[in-house]
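The values are calculated or read from the model by the stated rules, or taken from the named source; none is laboratory data. Everything numeric in this text was worked out from a predicted model, so none of it was measured. Cβ: placed from backbone, ideal geometry, glycine included. Neighbour counts: every protein chain shown.
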Number of protein chains: 2
Amino acid sequence: MQTVSLEQELVSRGLRMTHQRRLLIQIIQGAESHLDAVALWERARGQDPTLNKVTVYRTLAMLKKYGLVDELDLMHLKGGKHYYEARASRDHVHLACLKCGRIQEFESSLFEKLKGQIERQRRFNIKVVRVEAGGYCENCRDR
Amino acid sequence: MQTVSLEQELVSRGLRMTHQRRLLIQIIQGAESHLDAVALWERARGQDPTLNKVTVYRTLAMLKKYGLVDELDLMHLKGGKHYYEARASRDHVHLACLKCGRIQEFESSLFEKLKGQIERQRRFNIKVVRVEAGGYCENCRDR
DNA sequence: GTACTTGCAAAGATTTTGCTTCCAA
DNA sequence: TTGGAAGCAAAATCTTTGCAAGTAC
């Protein structure tokens, strides 16, 4: 998903592309890790010191509402905050190491099959799915 | 999992069985739905009006630490609270309807296979796993 | 008796709301 | 121009912490 298309996505839904939204979207899409609202705000302030934290929350709520970002908890490793990532073309599992805190992502066709099974067997129309596992990663498991 | 065994579980780990803990455990195990800390507290107060909310948070943290309850978010349908359920013998998916708010549970061997795949392919030792899906349930999907 | 738990009060962390001003279309 | 969006301040929600008093073992 490109920056342009996400912007167009918003515009096509009748939303205004303010420079604040453009900046926040760029940061989310360019982030190498999962950001929570405050982390996102701090990065955004580097570019635009007047950008308010409330705008971050409102923008995230809007992106979530339109399904453009996914909201994660990452097993509450660091309290109750929520983390955000640009919605990927393919869903993936998040693995959170309880020891070192590393977050890995894992894609699997089994995950896709599981979703299909739920949709068919329960006639449940899935809009968002989240799989998070807590445990010990390769580096930490034997220590 | 019986009340007794959960109590024994705690005792065997050197924890004290206070009447507050006993009451909270009974409520969690007997609950027909997923309770958040405050809902649990309200039920507990019916039995013991002096039981403090802080004790609920501390007890939940302790049960979570020892892997005796699972903590859920249920797709944040109603804000950022956390919900708790006695750990089941078999993991299950939670399906949250975005329209009516109903929570369904779904067990699947595919889920078990997915866990196995993660453990093998990533050499990741899973301790807790959570699958939550948001979408439209059978009753709401066509409306 | 002693260490672990609880209750109480207060603080901390995260997110939301009301309202005025601003600006994208 | 005009309705949607941002900024600011304040509040609401959820959870944690410090410490004195209580209690399970």
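Tabulated data
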| read-out | value |
| --- | --- |
| Which numbered condition residue B:19 fails, given (1) farther than 28 Å from residue B:104 by Cα; (2) more than 11 Å from DNA strand D (Cβ to nearest atom) | (2) |
| Matching option when the condition is out of contact with any Phe, Trp or Tyr (no Cβ under 6 Å at 6 or more places or on another chain) and more than 10 Å from DNA strand D (Cβ to nearest atom), among B:113, B:78 | B:113 |
| The stretch A:100-127 - residue that is in contact (Cβ under 8 Å) with a residue 40 or more places away in the chain and either more than 10 Å from every other protein chain (Cβ to nearest Cβ) or of a type in the set (Phe, Trp, Tyr) (or both) and, of those, farthest from residue B:131 (Cα to Cα) | A:100 |
| Residues that are part of a strand (DSSP E or B) and crowded, with 16+ Cβ neighbours inside 10 Å, drawn from the stretch B:110-143 | B:125, B:126, B:128, B:129, B:130, B:131, B:132, B:133, B:134, B:135, B:136 |
| Unique match (being hydroxyl-bearing (Ser, Thr, Tyr) and within 9 Å of chain A (Cβ to nearest Cβ)) among B:83, B:136, B:66 | B:136 |
| Residue in the stretch A:32-48 that is more than 14 Å from DNA strand C (Cβ to nearest atom) and modelled with pLDDT under 95 present | yes |
| Test set (1) assigned by TED's automatic domain parsing to the domain that holds residue B:134; (2) of a type outside the set (Gly, Ala, Ser); (3) within 11 Å of DNA strand D (Cβ to nearest atom) - residue B:97 fails condition number | (3) |
| Odd one out for residue B:87, checked against (1) modelled with pLDDT of 95 or more; (2) over 30 Å from residue A:57 (Cα atoms) | (1) |
| Pairs where the first residue, in the stretch B:34-52, is of a type in the set (Phe, Trp, Tyr) and the second is within 14 Å of DNA strand C (Cβ to nearest atom) and assigned to a loop (DSSP other than H, G, I, E, B), C-beta under 9 Å, 6+ apart | B:41/B:51; B:41/B:52 |
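Condition check ((1) surrounded by 13 or more Cβ atoms within 10 Å (Cβ to Cβ); (2) within 15 Å of DNA strand C (Cβ to nearest atom); (3) basic (Lys, Arg)) across all residues:
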{"position": "B:65", "(1), (2), (3)": "no, yes, yes"}
{"position": "B:73", "(1), (2), (3)": "yes, yes, no"}
{"position": "B:84", "(1), (2), (3)": "yes, no, no"}
{"position": "B:88", "(1), (2), (3)": "no, no, no"}
{"position": "B:93", "(1), (2), (3)": "yes, no, no"}
{"position": "B:97", "(1), (2), (3)": "yes, no, no"}
{"position": "B:108", "(1), (2), (3)": "yes, no, no"}
